[in-house]
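What follows draws every value from the coordinates through simple rules; no lab data is involved. Since this is a predicted model, take the numbers as computed values, not measurements. Glycine gets a Cβ as well: all are built from the backbone with ideal geometry, and neighbour counts include every protein chain shown.
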């Protein structure tokens, strides 16, 4: 197994996990496991506002509903990004096309970077959220062993 084969499999595993998380957020953000055993949506709301999600749903159900819709849309974004990145990994990146390396580098950096930033903003960083750092590190590692800009004399990757 060469480096590119290892790399595309690593990237595929990371992006399929991104799809799974996004699907969970899209289907049930109130129940997708978040910080301290709470659902990710209530944990994020409480971490950001200092208020109670249960209280918000009781006093302002339309606002809570709107926040839920936004979180579901974020989950759909994660699913779509993961599908696109997975498709690139198993096709163009696997064939060694340089644009695919850059697309995976930029796309995963933005996708995971935005998730990491959101977790920091809402004070929802726990063991599960650390998987975002791990996922990004795995993608960067996989890309580091398959750069499209290596010297031509180095031979095929």
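Observations on the model:
- For region 70-115 versus region 38-55, the gap between their alpha-carbon centres in whole angstrom: 29 Å
- Pairs of alpha carbons in region 1-51 whose separation is greater than 12 Å (percent): 69 percent
- Over the chain, relative contact order from alpha-carbon pairs under 8 Å, at least 6 apart, %: 35 percent
- Using a Förster distance of 22 Å, the FRET efficiency for residue 149-residue 5 (Cβ separation, nearest 0.05): 0.65
- Axis of helix 40-49 versus longest Cα principal axis of the chain: the two differ by about 70°, to the nearest ten degrees.
- Among [x] 123; [y] 151; [z] 99, the entry derived from the coordinates for volume of the Cα convex hull per residue in Å³: [z]
- Degrees, to the nearest 10: 3-27 long Cα axis against longest axis of the chain: 20 degrees
- Taking Cα atoms only, the orientation of helix 130-144 departs from the longest principal axis of the chain by about 20 degrees.
- Between residue 84 and residue 23, residue separation times 0.36 nm minus the direct Cα-Cα distance comes to 20.5 nm.
- Separation in nanometres of the label points that stand 7 Å from Cα toward Cβ, at residue 133 and residue 102: 3.1 nm
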